[in-house]
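One structure is given below, encoded as C-alpha coordinates.
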Amino acid sequence: MTTPRLDLSRDQVLAHRRRAGALDERLPPGGTSLERAAWAGLQDSMPRAALLSINARVAETQPTTWEDSSLVQVWGPRFSAYVIAERDRAVFTLGRLPAGGKGLRRAEDTAARLHAFLDGRRMRYDEAGRGVGVHPNALRYAAPTGTVLIRWEGARLPVIWTVPRPEIDPGEARLELARRYLHVFGPTTPAAFAKWAGIGAAEGRGAFDSLAGEIMAVRTPVGDGWILTSDERSFRGTPSPAAPARLLPSGDAYFLLHGVDRELLVPDESQRRELWTSRVWPGAVLVGGEIAGTWRRANAVVAVQTWRRLSSAEREAVEAEAESLPLPGPSGQIVVRWDD
(Lines give C-alpha, C1' and ligand atoms only; values in the text may rest on other atoms or scores of the structure.)
Protein backbone atom coordinates (compact mmCIF):
# COMPACT_ATOMS: atom_id res chain seq x y z
CA MET A 1 0.00 0.00 0.00
CA THR A 2 1.34 3.44 -0.93
CA THR A 3 1.91 5.78 2.01
CA PRO A 4 0.26 9.16 1.41
CA ARG A 5 2.87 11.82 0.66
CA LEU A 6 0.67 14.80 1.42
CA ASP A 7 -2.03 15.69 3.95
CA LEU A 8 -4.72 17.92 2.47
CA SER A 9 -7.29 19.89 4.41
CA ARG A 10 -10.90 20.32 3.33
CA ASP A 11 -10.21 23.95 2.43
CA GLN A 12 -7.27 22.96 0.22
CA VAL A 13 -9.32 20.35 -1.62
CA LEU A 14 -12.27 22.64 -2.28
CA ALA A 15 -10.05 25.54 -3.29
CA HIS A 16 -8.33 23.36 -5.88
CA ARG A 17 -11.62 22.01 -7.21
CA ARG A 18 -13.03 25.51 -7.61
CA ARG A 19 -9.83 26.58 -9.36
CA ALA A 20 -9.82 23.53 -11.63
CA GLY A 21 -13.50 24.09 -12.36
CA ALA A 22 -13.12 27.82 -13.12
CA LEU A 23 -15.66 28.71 -10.44
CA ASP A 24 -13.78 31.51 -8.66
CA GLU A 25 -13.55 33.82 -11.68
CA ARG A 26 -15.30 33.48 -15.01
CA LEU A 27 -13.23 32.77 -18.09
CA PRO A 28 -13.36 35.13 -21.08
CA PRO A 29 -15.77 34.25 -23.92
CA GLY A 30 -14.55 31.96 -26.67
CA GLY A 31 -13.93 28.40 -27.74
CA THR A 32 -10.80 27.94 -25.61
CA SER A 33 -12.74 28.83 -22.46
CA LEU A 34 -15.61 26.54 -23.44
CA GLU A 35 -13.18 23.65 -23.84
CA ARG A 36 -11.77 24.32 -20.37
CA ALA A 37 -15.25 24.59 -18.87
CA ALA A 38 -16.00 21.16 -20.40
CA TRP A 39 -12.72 19.60 -19.21
CA ALA A 40 -14.61 16.82 -17.36
CA GLY A 41 -17.67 17.10 -19.57
CA LEU A 42 -20.88 19.03 -18.93
CA GLN A 43 -23.76 16.79 -17.94
CA ASP A 44 -26.90 17.78 -19.82
CA SER A 45 -29.42 15.24 -18.56
CA MET A 46 -31.59 18.06 -17.24
CA PRO A 47 -32.48 20.19 -20.28
CA ARG A 48 -29.83 22.88 -20.77
CA ALA A 49 -27.99 22.05 -17.55
CA ALA A 50 -24.77 22.15 -19.57
CA LEU A 51 -25.56 25.72 -20.60
CA LEU A 52 -26.00 26.76 -16.97
CA SER A 53 -22.74 25.02 -16.05
CA ILE A 54 -21.05 27.04 -18.79
CA ASN A 55 -22.64 30.22 -17.48
CA ALA A 56 -21.12 29.58 -14.05
CA ARG A 57 -17.66 29.43 -15.66
CA VAL A 58 -17.58 31.54 -18.82
CA ALA A 59 -18.44 35.22 -19.17
CA GLU A 60 -21.10 36.50 -21.60
CA THR A 61 -22.77 33.10 -21.97
CA GLN A 62 -25.79 33.28 -24.27
CA PRO A 63 -28.76 30.90 -24.71
CA THR A 64 -27.07 29.48 -27.83
CA THR A 65 -23.54 29.13 -26.41
CA TRP A 66 -23.95 25.38 -25.97
CA GLU A 67 -24.25 25.17 -29.78
CA ASP A 68 -20.77 26.67 -30.31
CA SER A 69 -18.77 24.88 -33.02
CA SER A 70 -16.18 23.86 -30.41
CA LEU A 71 -18.77 21.71 -28.61
CA VAL A 72 -20.78 18.56 -29.40
CA GLN A 73 -23.32 16.39 -27.59
CA VAL A 74 -22.78 12.70 -26.87
CA TRP A 75 -24.03 9.97 -24.61
CA GLY A 76 -21.13 10.20 -22.19
CA PRO A 77 -20.29 8.77 -18.75
CA ARG A 78 -23.02 6.39 -17.52
CA PHE A 79 -24.71 6.96 -20.92
CA SER A 80 -25.98 10.36 -19.71
CA ALA A 81 -26.35 13.23 -22.16
CA TYR A 82 -23.18 15.35 -22.12
CA VAL A 83 -21.88 18.45 -23.86
CA ILE A 84 -18.15 18.06 -24.48
CA ALA A 85 -15.44 19.72 -26.51
CA GLU A 86 -15.48 18.37 -30.06
CA ARG A 87 -11.74 17.75 -29.87
CA ASP A 88 -12.33 15.55 -26.80
CA ARG A 89 -14.86 13.22 -28.43
CA ALA A 90 -12.49 10.26 -28.20
CA VAL A 91 -11.80 10.87 -24.50
CA PHE A 92 -15.45 10.72 -23.44
CA THR A 93 -16.46 7.89 -25.79
CA LEU A 94 -13.58 5.53 -26.60
CA GLY A 95 -12.32 6.16 -23.08
CA ARG A 96 -15.31 4.13 -21.87
CA LEU A 97 -15.18 1.37 -24.50
CA PRO A 98 -15.04 -2.09 -22.90
CA ALA A 99 -11.71 -3.80 -23.46
CA GLY A 100 -13.34 -7.05 -24.58
CA GLY A 101 -16.11 -9.55 -24.04
CA LYS A 102 -19.84 -9.05 -24.53
CA GLY A 103 -19.68 -5.33 -23.81
CA LEU A 104 -17.25 -4.67 -26.64
CA ARG A 105 -19.16 -6.88 -29.08
CA ARG A 106 -22.44 -5.16 -28.24
CA ALA A 107 -20.92 -1.69 -28.70
CA GLU A 108 -19.27 -2.51 -32.02
CA ASP A 109 -22.27 -4.42 -33.41
CA THR A 110 -24.77 -1.70 -32.44
CA ALA A 111 -22.54 0.99 -33.93
CA ALA A 112 -22.13 -0.90 -37.20
CA ARG A 113 -25.85 -1.57 -37.58
CA LEU A 114 -26.75 2.02 -36.76
CA HIS A 115 -24.19 3.41 -39.21
CA ALA A 116 -25.43 1.14 -41.99
CA PHE A 117 -29.07 2.03 -41.37
CA LEU A 118 -28.60 5.80 -41.13
CA ASP A 119 -26.32 5.89 -44.18
CA GLY A 120 -25.41 9.54 -43.60
CA ARG A 121 -28.85 10.64 -42.42
CA ARG A 122 -29.82 12.36 -39.17
CA MET A 123 -32.83 10.84 -37.50
CA ARG A 124 -34.82 10.91 -34.28
CA TYR A 125 -33.50 8.13 -32.10
CA ASP A 126 -36.87 6.38 -31.68
CA GLU A 127 -37.17 6.10 -35.46
CA ALA A 128 -33.58 4.92 -35.73
CA GLY A 129 -34.19 2.31 -33.06
CA ARG A 130 -37.15 0.92 -34.99
CA GLY A 131 -35.10 0.90 -38.16
CA VAL A 132 -32.26 -1.01 -36.54
CA GLY A 133 -34.70 -3.32 -34.78
CA VAL A 134 -33.81 -2.48 -31.17
CA HIS A 135 -35.28 -0.42 -28.35
CA PRO A 136 -34.09 3.18 -28.90
CA ASN A 137 -32.31 3.23 -25.54
CA ALA A 138 -30.15 0.34 -26.73
CA LEU A 139 -28.57 2.65 -29.30
CA ARG A 140 -26.65 4.23 -26.41
CA TYR A 141 -24.46 1.15 -26.34
CA ALA A 142 -22.89 2.36 -29.59
CA ALA A 143 -21.75 5.62 -27.98
CA PRO A 144 -18.41 4.32 -26.58
CA THR A 145 -17.22 3.61 -30.14
CA GLY A 146 -16.98 7.36 -30.67
CA THR A 147 -19.11 7.22 -33.81
CA VAL A 148 -22.44 8.59 -32.51
CA LEU A 149 -23.37 12.23 -31.95
CA ILE A 150 -26.69 13.47 -30.62
CA ARG A 151 -28.69 16.66 -30.37
CA TRP A 152 -31.07 16.75 -27.44
CA GLU A 153 -33.11 19.70 -26.33
CA GLY A 154 -35.08 18.11 -23.51
CA ALA A 155 -38.64 18.57 -24.73
CA ARG A 156 -38.03 16.49 -27.86
CA LEU A 157 -36.47 13.10 -28.46
CA PRO A 158 -32.78 13.29 -29.38
CA VAL A 159 -31.67 13.33 -32.99
CA ILE A 160 -28.69 11.08 -33.74
CA TRP A 161 -26.18 10.60 -36.52
CA THR A 162 -22.90 8.82 -37.06
CA VAL A 163 -19.40 10.20 -37.63
CA PRO A 164 -15.99 8.66 -38.33
CA ARG A 165 -14.34 6.83 -35.46
CA PRO A 166 -11.62 8.87 -33.69
CA GLU A 167 -8.11 7.76 -34.57
CA ILE A 168 -6.82 7.08 -31.07
CA ASP A 169 -6.25 3.91 -29.07
CA PRO A 170 -9.11 3.35 -26.57
CA GLY A 171 -6.57 2.63 -23.84
CA GLU A 172 -4.96 6.02 -24.34
CA ALA A 173 -8.38 7.67 -24.36
CA ARG A 174 -9.20 6.02 -21.02
CA LEU A 175 -5.98 7.28 -19.46
CA GLU A 176 -6.82 10.81 -20.55
CA LEU A 177 -10.35 10.41 -19.18
CA ALA A 178 -8.82 9.39 -15.85
CA ARG A 179 -6.51 12.42 -15.93
CA ARG A 180 -9.51 14.69 -16.51
CA TYR A 181 -11.34 13.10 -13.59
CA LEU A 182 -8.33 13.37 -11.28
CA HIS A 183 -7.84 17.03 -12.16
CA VAL A 184 -11.45 18.14 -11.64
CA PHE A 185 -12.60 15.72 -8.90
CA GLY A 186 -9.34 14.91 -7.10
CA PRO A 187 -8.37 13.69 -4.61
CA THR A 188 -10.17 10.56 -5.70
CA THR A 189 -9.96 6.79 -6.03
CA PRO A 190 -10.11 4.21 -8.83
CA ALA A 191 -13.54 3.09 -7.57
CA ALA A 192 -14.92 6.63 -7.71
CA PHE A 193 -13.54 7.09 -11.22
CA ALA A 194 -15.13 3.83 -12.39
CA LYS A 195 -18.52 4.82 -10.92
CA TRP A 196 -18.43 8.26 -12.53
CA ALA A 197 -17.30 6.96 -15.92
CA GLY A 198 -19.65 4.00 -15.91
CA ILE A 199 -16.89 1.44 -16.46
CA GLY A 200 -15.91 -1.69 -14.57
CA ALA A 201 -14.04 -1.50 -11.27
CA ALA A 202 -11.13 -3.46 -12.76
CA GLU A 203 -10.90 -1.02 -15.65
CA GLY A 204 -10.83 1.89 -13.21
CA ARG A 205 -8.01 0.27 -11.22
CA GLY A 206 -6.13 -0.49 -14.42
CA ALA A 207 -6.25 3.14 -15.50
CA PHE A 208 -4.84 4.34 -12.17
CA ASP A 209 -2.15 1.64 -12.28
CA SER A 210 -1.11 2.84 -15.73
CA LEU A 211 -0.86 6.40 -14.40
CA ALA A 212 1.45 5.37 -11.56
CA GLY A 213 4.16 7.78 -12.68
CA GLU A 214 1.73 10.72 -12.93
CA ILE A 215 -0.23 10.46 -9.67
CA MET A 216 0.56 10.71 -5.97
CA ALA A 217 -1.18 9.43 -2.86
CA VAL A 218 -2.70 11.95 -0.45
CA ARG A 219 -4.72 11.92 2.74
CA THR A 220 -7.90 13.96 3.20
CA PRO A 221 -10.36 14.34 6.11
CA VAL A 222 -12.53 11.64 4.51
CA GLY A 223 -9.78 9.16 3.62
CA ASP A 224 -6.88 8.48 1.30
CA GLY A 225 -6.97 9.26 -2.39
CA TRP A 226 -4.93 10.23 -5.43
CA ILE A 227 -4.17 13.45 -7.25
CA LEU A 228 -2.21 14.29 -10.37
CA THR A 229 1.35 15.09 -9.36
CA SER A 230 1.13 18.12 -11.64
CA ASP A 231 -1.73 19.44 -9.44
CA GLU A 232 0.27 19.38 -6.20
CA ARG A 233 1.15 23.07 -6.53
CA SER A 234 -2.53 23.94 -6.98
CA PHE A 235 -3.48 22.09 -3.80
CA ARG A 236 -0.65 23.71 -1.83
CA GLY A 237 -1.14 27.19 -3.29
CA THR A 238 -2.89 30.19 -1.80
CA PRO A 239 -6.62 29.92 -2.55
CA SER A 240 -8.04 32.37 -5.05
CA PRO A 241 -10.74 34.76 -3.80
CA ALA A 242 -14.02 32.84 -4.09
CA ALA A 243 -16.77 34.22 -6.30
CA PRO A 244 -19.60 35.96 -4.39
CA ALA A 245 -22.15 33.50 -5.81
CA ARG A 246 -22.72 30.88 -8.49
CA LEU A 247 -25.86 28.91 -9.35
CA LEU A 248 -24.79 25.39 -10.31
CA PRO A 249 -27.37 23.24 -12.12
CA SER A 250 -28.39 19.68 -11.34
CA GLY A 251 -25.53 17.33 -12.22
CA ASP A 252 -22.84 20.03 -12.32
CA ALA A 253 -19.35 18.57 -12.04
CA TYR A 254 -18.62 20.43 -8.79
CA PHE A 255 -21.07 18.28 -6.86
CA LEU A 256 -21.37 15.22 -9.11
CA LEU A 257 -20.06 13.12 -6.23
CA HIS A 258 -20.85 9.91 -4.41
CA GLY A 259 -20.04 8.28 -1.07
CA VAL A 260 -17.62 9.97 1.29
CA ASP A 261 -16.78 12.63 -1.31
CA ARG A 262 -20.18 14.14 -0.55
CA GLU A 263 -19.26 14.37 3.14
CA LEU A 264 -16.23 16.49 2.33
CA LEU A 265 -18.23 18.94 0.22
CA VAL A 266 -21.28 19.10 2.50
CA PRO A 267 -20.42 17.98 6.06
CA ASP A 268 -24.00 18.24 7.39
CA GLU A 269 -25.95 15.03 6.76
CA SER A 270 -29.38 16.67 6.58
CA GLN A 271 -28.09 19.15 4.00
CA ARG A 272 -26.61 16.31 1.95
CA ARG A 273 -30.05 14.72 1.79
CA GLU A 274 -31.48 17.98 0.45
CA LEU A 275 -28.84 18.31 -2.27
CA TRP A 276 -28.46 14.69 -3.36
CA THR A 277 -32.07 13.56 -3.38
CA SER A 278 -33.32 10.13 -4.43
CA ARG A 279 -34.90 11.66 -7.52
CA VAL A 280 -33.92 14.67 -9.62
CA TRP A 281 -31.27 16.70 -7.82
CA PRO A 282 -31.84 20.42 -7.34
CA GLY A 283 -29.15 22.92 -8.23
CA ALA A 284 -26.53 24.02 -5.72
CA VAL A 285 -26.16 27.60 -4.48
CA LEU A 286 -22.45 28.37 -4.13
CA VAL A 287 -21.82 31.42 -1.93
CA GLY A 288 -18.30 32.56 -1.13
CA GLY A 289 -16.89 29.17 -2.08
CA GLU A 290 -19.28 27.09 0.06
CA ILE A 291 -22.55 25.44 -0.90
CA ALA A 292 -25.12 27.39 1.07
CA GLY A 293 -28.37 25.92 -0.21
CA THR A 294 -30.29 24.59 -3.19
CA TRP A 295 -32.30 26.09 -6.02
CA ARG A 296 -34.90 25.11 -8.57
CA ARG A 297 -36.49 27.02 -11.44
CA ALA A 298 -40.05 27.08 -12.75
CA ASN A 299 -40.35 29.36 -15.78
CA ALA A 300 -39.16 32.80 -14.63
CA VAL A 301 -39.14 32.01 -10.89
CA VAL A 302 -35.98 30.76 -9.22
CA ALA A 303 -36.75 29.29 -5.79
CA VAL A 304 -33.75 29.40 -3.45
CA GLN A 305 -33.64 27.35 -0.24
CA THR A 306 -30.78 28.50 2.00
CA TRP A 307 -29.06 26.55 4.77
CA ARG A 308 -28.01 29.64 6.70
CA ARG A 309 -28.95 33.29 6.88
CA LEU A 310 -27.30 35.16 4.04
CA SER A 311 -26.14 38.73 4.35
CA SER A 312 -27.71 41.44 2.21
CA ALA A 313 -24.65 41.44 -0.04
CA GLU A 314 -24.79 37.65 -0.43
CA ARG A 315 -28.50 37.73 -1.31
CA GLU A 316 -27.85 40.44 -3.88
CA ALA A 317 -25.06 38.32 -5.40
CA VAL A 318 -27.38 35.30 -5.69
CA GLU A 319 -30.10 37.44 -7.24
CA ALA A 320 -27.62 38.85 -9.75
CA GLU A 321 -26.61 35.32 -10.73
CA ALA A 322 -30.24 34.31 -11.17
CA GLU A 323 -30.96 37.33 -13.35
CA SER A 324 -27.95 36.48 -15.53
CA LEU A 325 -29.09 32.92 -16.32
CA PRO A 326 -29.00 32.57 -20.13
CA LEU A 327 -32.40 30.96 -20.50
CA PRO A 328 -34.35 31.35 -23.75
CA GLY A 329 -37.70 30.29 -22.29
CA PRO A 330 -38.77 32.70 -19.53
CA SER A 331 -40.46 35.91 -20.64
CA GLY A 332 -39.59 38.91 -18.54
CA GLN A 333 -37.04 39.25 -15.77
CA ILE A 334 -36.24 36.25 -13.59
CA VAL A 335 -37.57 36.59 -10.05
CA VAL A 336 -35.92 34.98 -7.02
CA ARG A 337 -38.21 33.48 -4.37
CA TRP A 338 -36.42 33.00 -1.07
CA ASP A 339 -37.53 29.90 0.85
CA ASP A 340 -35.48 30.47 3.98
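The values are calculated or read from the model by the stated rules, or taken from the named source; none is laboratory data. Predicted, not measured: the structure shown is a model, and the values here were computed from it. Here the Cβ is made from the backbone with ideal geometry for all residues, glycine too, and neighbour counts use every protein chain on show. Areas reflect the complete protein model, heavy atoms only, side chains present, ligands, DNA and RNA absent. Shrake-Rupley method; radii C 1.70, N 1.55, O 1.52, S 1.80 Å.
Annotations for the structure displayed:
- Charged neighbours of Ile215, selected by a Cβ distance under 11 Å, balance to -2 (K, R count +1; D, E count -1).
- Alpha carbon convex hull of segment 92-236, projected area averaged over orientations, nm²: 10.4
- Taking the accessible area of the chain, probe 1.4 Å, and keeping the other protein chains in place, the carbon and sulfur fraction comes to 49%.
- A Förster distance of 22 Å, applied to the separation of the beta-carbon atoms of Glu263 and Asp7, puts the FRET efficiency at 0.80.
- For segment 134-177 and segment 290-340, distance of Cα centres in Å: 34
- Segment 190-298 shape via C-alpha gyration tensor axes, a/c threshold 1.5: oblate
- Peptides 309-316, 109-116 ranked from most to least packed, by the mean per-residue count of other Cβ atoms within 10 Å: 109-116, 309-316.
- P(r) histogram, all alpha-carbon pairs of the chain included - 20 Å bins from 0, percent: 30, 58, 12
- Label sites at Ala320 and Ala212, each approximated as a point 7 angstrom past Cα along Cα to Cβ, lie 5.1 nm apart.
- The amide H of Leu6, built 1.01 Å from its N in the peptide plane, has Arg219 as neighbours under 5 Å, considering only residues 5 or more places off or on other chains.
- Efficiency of FRET from Cβ geometry, Phe79 and Asp126, R₀ 22 Å, rounded to 0.05: 0.85
- Phi angles across segment 289-302 convert, under the Karplus curve 6.51 cos²θ - 1.76 cosθ + 1.60 with θ = phi - 60°, into 3J(HN,Hα) values of x, 10, 6, 10, x, 10, 8, 9, 10, 10, 6, 9, 10, 9 Hz, Gly and Pro given as x.
- Peptide packing for 134-144, 88-98 was compared via the average number of neighbouring C-beta atoms within 10 Å per residue; ordered from the highest value, the list is 88-98, 134-144.
- Peptides 178-189, 288-299 ranked from most to least packed, by the mean per-residue count of other Cβ atoms within 10 Å: 178-189, 288-299.
- Per residue value of the accessible surface for segment 257-332 (all protein chains in place, 1.4 Å probe), Å²: 51
- Neighbour-limited loop hits for trypsin sites (Lys or Arg not before Pro), segment 229-293 (at most 12 other Cβ within 10 Å; DSSP other than H, G, I, E, B): Arg279
- Applying 1/(1 + (r/R0)^6) with r as the Cβ-Cβ distance of Glu25 and Arg233 and R0 = 22 angstrom yields a FRET efficiency of 0.75.
- Were the residues from Ala313 through Arg87 laid out at 0.36 nm apart, the gain over their Cα-Cα distance would be 77.3 nm.
- Taken as Cα centroids, segment 10-81 and segment 240-276 sit 16 Å apart, rounded to the nearest whole angstrom.
- Applied to segment 98-107, the Karplus parametrisation 6.51 cos²θ - 1.76 cosθ + 1.60 on θ = phi - 60° returns per-residue 3J(HN,Hα) values of x, 6, x, x, 4, x, 5, 4, 5, 4 Hz, with x for Gly and Pro.
- Normalised size of segment 68-112, defined as Cα radius of gyration per 2.2 N^0.38 Å with N residues, equals 1.24.
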